[in-house]
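The values are calculated or read from the model by the stated rules, or taken from the named source; none is laboratory data. This is a predicted model, so every value here is computed, not measured. Please note: Cβ atoms are built from the backbone with ideal geometry, for glycine as well, and neighbour counts cover all protein chains shown.
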């Protein structure tokens, strides 16, 4: 999530992903891969002004001119219908575009807070229509962190910007495992952000269940070259190996920005008993309000594609 023209300029999103299979003897093979690049006019209702992918997706240009937030996922699903993309890394990347756009707002908020202009901007937003993503995130009771009477809402009522700085981001790459992560699209520049996501799937020793270990981290690079964590979760799931029904599910918060945010971790247990089929729709419809977390929801709904990975096993 880059802003090459500065925090007031356009948002550049670059997504890269792959599916990797490791055999019992340790050999690794890439079985699917995808990437996309999008430019978003963040100041103009977060409008998509350019979008391209590899491999190319027929009809993807129909999403140009749309909001990168409201309605984007529904429009994406209409475009990709019948193209055998759902479940693959490219679909995962494009499906994450709206929340990546939302998360990217952390960077200009940090910059505005640093130069003391947040109060002025907040006042101006009451006089004109704000970008759609900004309207959304100011709704009370949207999630655990934004609940009425919580730290954020009380602070905003007093003119305190909803900006915090997380801990330093330790490296996720491993010198002893060159396959641990795919190649990243360059070093993260100042004011840039990155969402790193991983879903590992392994057959359990009993051959009757499948173990899933998922992780995501949102990080931000400040103008002094320090990368810090904004959100980080680890999700563990045990699946029935035959019908992919969830037998166990838990979420462990690693880093979250607000005092109330970890209260949402328990919502992961609500997956127990559910099939993975239709998980995106059910999480969106049912995982709402102060018992949930927008970013944890993203990690949970992405599990719908685990059966695609299991087939490679």
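Just a few scattered comments:
- No other residue among 167, 189 is over 18 Å from residue 100 (Cα atoms), touching a strand residue (DSSP E or B) at 6+ places or on another chain (Cβ under 7 Å), at pLDDT 90 or above and exposed (fewer than 14 other Cβ atoms within 10 Å of the Cβ) apart from 167.
- Region 196-209, subset part of a strand (DSSP E or B) and out of contact with any helix residue (DSSP H, G or I) (no Cβ under 6 Å at 6 or more places or on another chain), residue modelled with the lowest pLDDT: 203
- The number of residues in region 272-300 that are at negative phi and surrounded by fewer than 19 Cβ atoms within 10 Å (Cβ to Cβ) comes to 11.
- Some residue of region 271-290 being in contact with a strand residue (DSSP E or B) (Cβ under 8 Å, 6 or more places away or on another chain), under 25 Å from residue 98 (Cα atoms) and assigned to a helix (DSSP H, G or I): yes
- Output for region 58-82, where each listed residue is under 16 Å from the mean Cα position of the chain (by Cα) and assigned to a loop (DSSP other than H, G, I, E, B): 68, 69, 70
- Just one residue in the set 227, 158, 232 is under 30 Å from residue 70 (Cα atoms) and loosely packed, with under 12 Cβ neighbours inside 10 Å; that residue is 158.
- Against the numbered list (1) assigned to a loop (DSSP other than H, G, I, E, B); (2) closer than 18 Å to residue 257 by Cβ; (3) more than 23 Å from the chain's Cα centre (by Cα), residue 139 comes up short only at (3).
- Answer from 85, 94 - the residue that is in a helix (DSSP H, G or I), under 19 Å from residue 17 (Cα atoms) and in contact with a helix residue (DSSP H, G or I) (Cβ under 9 Å, 6 or more places away or on another chain): 94
- Any hit, region 193-211, residues being under 23 Å from the mean Cα position of the chain (by Cα), loosely packed, with under 13 Cβ neighbours inside 10 Å and under 23 Å from residue 1 (Cβ atoms): no
- Subset tally (residues that are buried (at least 18 other Cβ atoms within 10 Å of the Cβ) and in a strand (DSSP E or B)) for region 235-254: 6
- Residue check, residue 283 touching a helix residue (DSSP H, G or I) at 6+ places or on another chain (Cβ under 9 Å) and either more than 22 Å from residue 139 (Cα to Cα) or without any contact (Cβ under 8 Å) to a residue 40 or more places away in the chain (or both): yes
- Filter result (over 22 Å from residue 221 (Cβ atoms), in contact with a helix residue (DSSP H, G or I) (Cβ under 8 Å, 6 or more places away or on another chain) and outside any strand (DSSP E or B)) within region 1-45: 45
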